[in-house]
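Below is one structure, written out as structure tokens; the observations come after it.
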Amino acid sequence: MSLYDTLDSSVLTRPGQYYLTDINLISYRSGTDDSEPDKIGIDSLVAEVSIYESIYNKTLSGNLFVVDTQNIVGKLPLTGNERLEFKLYTPSSPFGYDFSEKSGHPMYIYKITNRVATGPRSQAYIIHFCSKEMIDNETASVASAMNTSYDLMVADITKNPYYLGSNKNFYYEPAIGLNKFVFGRNKPFDCIDKLSKNTISGKFHNAGYYFYETSRGFNYKSLESMLAVESNTARPAVARFRPKPANISDGKGEKDIKNEMQIAIDYKVSDQFDQLKNLRNGVYANKLITHDQFYKTITEQNFNYEDEYGKMFHTETDRTGSKETEKGILPKYVRNGKSLSEYPDGTIYVHSNTQNTYGSNIEIPDPHNILQRRLSQRLAFATFTLTLTVNGFTGIQAGDIITYEHPSYESKVAGEQNDNDIYLSGRYLVTTVRHQINQANKKHLMVLECHKDSVRRPYPQEINDTFIGREKIEEGIIDIYEFDKILYGGLSTSFK
């Protein structure tokens, strides 16, 4: 079931419709009665509102494009210590952004940029805002030792009033292991970054978590948990986007709002593959060398993409929604008699694996179960990068799964039911959402950045080696001075 099926077409009457409350700035200064801070409504001055969320960003952020004819920036004044309040919802959607003080979580202004004159008595500038936790991160530090699982350490850092002190929901994926970590006056987000790299999922065959905020709260989870709800069940897609003409009717001559909302107004494939990047960073194969100073041992472990692929969930699944083994980004072919997943020496990682640092009852994360698969999985997701511009909908959030039907740009093949690209079409993970509200046009658009680490239809298998026996054989190593003698012979080296 798509999230768009929850929309009420009698309430949402056109694509891009939105509900935006008054936009208020609350000053750090008290009012005339010295009891309440100064508050001023600026919604009539705001030309555009942008809200940004991403699995790669810790908190929500955004900006307001303001055309100021009242000198708000100097009269209030704006100093970077102000609170910002408003609500944004798609009509009939239960999900949205509540930045009000009483029922939600206000945002905080931290910067003004691009301030220019637009007339004798008017100016324009951009007000940048972020969540309270981003501000608190810059004023707090964590100096303690924690002894529990990494997911609960992150929960403590997020909720503890001495650190981030967040009152928002915290959604987490349970991790395994009892660990001890000593924080030496690090910023809360820096501590979370260190923990994220070593957190191991209790349900999936992967390691490494993401900490990010959406309209519904904070999230701490692995990539694989974004792709699946259980260890054997893929996560359903919340939307299906495709580039089709607008003004679709429902068969009765009436516009089908739910389908129009899922039309890709604009689309761009920013990246389809980067073989050099994948080889350089060990996506297909790498070697991990670890050193244990306590036991004075050195070990080596090779990572093979083809061996590991079927153990994890990917964006594409089999017909039953389970894990599959044939749809990876690396076609099966040989080079010098081996596949690209059999060259571990191309990328070498070195890591300390000293045990018994905190005593025998404390488990130290084993890099052999973390580092190689984490790096390969994360970098594989950069293979396909899709950017979609669609009608705005506050129900979509970073970390959701969507499907997208990409046109094939060729004559339709006989027997093919769908006229879509068989590799680019399919399931994508939404990594970034940017909402754009244009007040003049009364239009809400949404830019989605999406990634996938597999293809809908497996690449063809090929046993031929395209790199061997086809290049011209040259003489080899050449002394340039000897070459000059051959090239110029007895010619004089002076030129007239």
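The values are calculated or read from the model by the stated rules, or taken from the named source; none is laboratory data. This one's a predicted model, so the numbers in the text were calculated from it and none came from an experiment. Counting neighbours? That spans all protein chains shown, and the Cβs are built from the backbone with ideal geometry, glycine included. Surface areas here come from the heavy atoms of the whole protein model, side chains and all, with no ligands, DNA or RNA. Shrake-Rupley method; radii C 1.70, N 1.55, O 1.52, S 1.80 Å.
This table checks each residue for (1) at pLDDT below 80; (2) surrounded by 19 or more Cβ atoms within 10 Å (Cβ to Cβ).
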| site | (1), (2) |
| --- | --- |
| Ala414 | yes, no |
| Arg427 | no, yes |
| Tyr459 | no, no |
| Ile473 | yes, no |
| Asp484 | no, no |
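Among the strands (runs of 3 or more DSSP E) confined wholly to region 152-236, which include 2 or more residues that are open to solvent by less than 30 Å² (accessible area, probe 1.4 Å)?
179-186, 209-214, 217-222
Regarding Tyr28, is this residue part of a strand (DSSP E or B) and more than 19 Å from Ser215 (Cβ to Cβ)?
Answer is yes for this residue.
If we keep just the residues of region 329-356 that are out of contact with any strand residue (DSSP E or B) (no Cβ under 9 Å at 6 or more places or on another chain) and aliphatic (A, V, I, L, M), which is nearest to Pro458 (Cα to Cα)?
Among those residues, the one meeting the criterion is Leu330.
Any residue that is more than 21 Å from Ile126 (Cβ to Cβ), in a loop (DSSP other than H, G, I, E, B), touching a Ser or Thr at 6+ places or on another chain (Cβ under 9 Å) and among the aliphatic types (A, V, I, L, M) - is there at least one of those in region 39-48?
Among the residues of region 39-48, not one is more than 21 Å from Ile126 (Cβ to Cβ), in a loop (DSSP other than H, G, I, E, B), touching a Ser or Thr at 6+ places or on another chain (Cβ under 9 Å) and among the aliphatic types (A, V, I, L, M), which makes the answer no.
Are any residues in region 131-151 over 20 Å from Tyr110 (Cβ atoms) and open to solvent by less than 80 Å² (accessible area, probe 1.4 Å), and if so, which ones?
The answer is Val142, Ala143, Ser144, Ala145, Met146, Thr148, Ser149, Tyr150, Asp151.
Residues to consider are Ile289, Ile298; find the one that is free of Cβ contacts under 8 Å to residues at least 12 places away in the same chain, surrounded by fewer than 20 Cβ atoms within 10 Å (Cβ to Cβ) and over 26 Å from the mean Cα position of the chain (by Cα).
Sole residue among the options that is free of Cβ contacts under 8 Å to residues at least 12 places away in the same chain, surrounded by fewer than 20 Cβ atoms within 10 Å (Cβ to Cβ) and over 26 Å from the mean Cα position of the chain (by Cα): Ile298.
Give the residue that is nearest to His205 (Cα to Cα), with candidates limited to residues of region 299-339 that are aliphatic (A, V, I, L, M) and modelled with pLDDT of 90 or more.
Among residues in region 299-339 that are aliphatic (A, V, I, L, M) and modelled with pLDDT of 90 or more, the one nearest to His205 (Cα to Cα) is Met312.
Taking the conditions exactly as written (buried (at least 17 other Cβ atoms within 10 Å of the Cβ) and polar (S, T, N, Q)), does Asn71 satisfy them or not?
no
Return only the number of the condition from (1) open to solvent by less than 50 Å² (accessible area, probe 1.4 Å); (2) part of a loop (DSSP other than H, G, I, E, B); (3) at pLDDT 90 or above that Pro365 does not satisfy.
Tallying (1) open to solvent by less than 50 Å² (accessible area, probe 1.4 Å); (2) part of a loop (DSSP other than H, G, I, E, B); (3) at pLDDT 90 or above, Pro365 fails exactly one: (3).
Farther than 20 Å from Lys168 by Cβ and assigned to a loop (DSSP other than H, G, I, E, B): which single residue out of Thr79, Thr59 fits that description?
The unique qualifying residue is Thr79.
What pairs can you find where one residue is in region 377-397 and under 18 Å from Ala285 (Cβ atoms) and touching a residue at least 60 places away in the same chain (Cβ under 8 Å), the other is crowded, with 22+ Cβ neighbours inside 10 Å and β-branched (Val, Ile, Thr), and their Cβ atoms are less than 7 Å apart, with a gap of 6+ or different chains?
Every condition considered, the pairs that remain are Leu379/Val283; Ala380/Val283; Ala380/Ile329; Thr383/Ile329.
Exactly one condition in (1) within 20 Å of Val350 (Cβ to Cβ); (2) in contact (Cβ under 8 Å) with a residue 40 or more places away in the chain is false for Glu260; which is it?
(1)
Please determine whether any residue of region 86-98 is within 25 Å of His435 (Cβ to Cβ), at pLDDT below 95 and either among the aliphatic types (A, V, I, L, M) or open to solvent by less than 30 Å² (accessible area, probe 1.4 Å) (or both).
yes
Read through the list (1) more than 30 Å from Ile192 (Cβ to Cβ); (2) open to solvent by less than 30 Å² (accessible area, probe 1.4 Å), then give the number of the only condition that Ser50 fails.
All conditions are met except number (1).
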